[in-house]
Each structure stands twice: as C-alpha cells, then as structure tokens.
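Computed from the coordinates by the stated procedures, all read-outs in this text should not be read as laboratory data. If you're wondering where the values come from, they're calculated on a predicted model, not measured in any experiment. In this analysis, Cβ positions are derived from the backbone assuming ideal geometry, glycine residues included, and neighbour counts consider all displayed protein chains.
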Amino acid sequence: MISIGYKNYIAIDKILTIIEPDSRPVKLMVQAARERNMLVDATLGKKTKSVIVTTSNHVVLSANLPDTIIERLHQKQLREQGDSL
C-alpha cells in the first residue's frame, strides 16, 4: 500500500499509471469514470494534482503531485529490496 494523501492509500500492484490532470483527454477520462461510477475522489476538496488509473479501470484523484506519489513508490521499493538482502 502507498499513501496518495490525506490518509488515503492504494495497493501498489493495482496502479497502472499516474498522470497529471491538465490535458483534455485526461479530463474526459475522469468525466467518463464519474459517469460509470468508477471515480474515487481522494482529494478531500483540494485541487486535483494527479490522476491514478487502476487495473480495475477505477480512476482515483489525488491532491499529491505525480512526482510525489512516484517518489513514494521508489522509496518503498528500495526499502523492500533492503529488507530482502
């Protein structure tokens, strides 16, 4: 599990991609997910800074930057590699 902000977590193996929300295609994808009831808003009312697409086709909104979430993924992977040595 990895934190996506405000005590919200997502399973690492369920993440397909982490993208910025600013482009028109991403906005359309978020709207389509909302219409299909496949949108999870984990921003707690803050500005959306990243969009996470999962293996189940859910779209998760986060108030953390993609770089922040990716850095957390890398740190977790490094810790796990250190534990296995």
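Listed values, structure above:
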| quantity | calculated |
| --- | --- |
| Hey, Ile69 surrounded by 12 or more Cβ atoms within 10 Å (Cβ to Cβ) and either basic (Lys, Arg) or assigned to a strand (DSSP E or B) (or both) or not | no |
| Residue match in segment 49-66 (condition: in contact with a Gly (Cβ under 6 Å, 6 or more places away or on another chain) and hydroxyl-bearing (Ser, Thr, Tyr)) | yes |
| Any hit, segment 20-29, residues being in contact (Cβ under 8 Å) with a residue 24 or more places away in the chain and under 17 Å from Arg72 (Cα atoms) | yes |
| Single residue of segment 8-54 satisfying the filter (within 13 Å of the chain's Cα centre (by Cα) and either of a type in the set (Lys, Arg) or in a loop (DSSP other than H, G, I, E, B) (or both)) that is surrounded by the fewest Cβ atoms within 10 Å (Cβ to Cβ) | Ala11 |
| Selected residue [of a type in the set (A, V, I, L, M) and out of contact with any Pro (no Cβ under 9 Å at 6 or more places or on another chain)] from Ile12, Ile52, Ile19 | Ile12 |
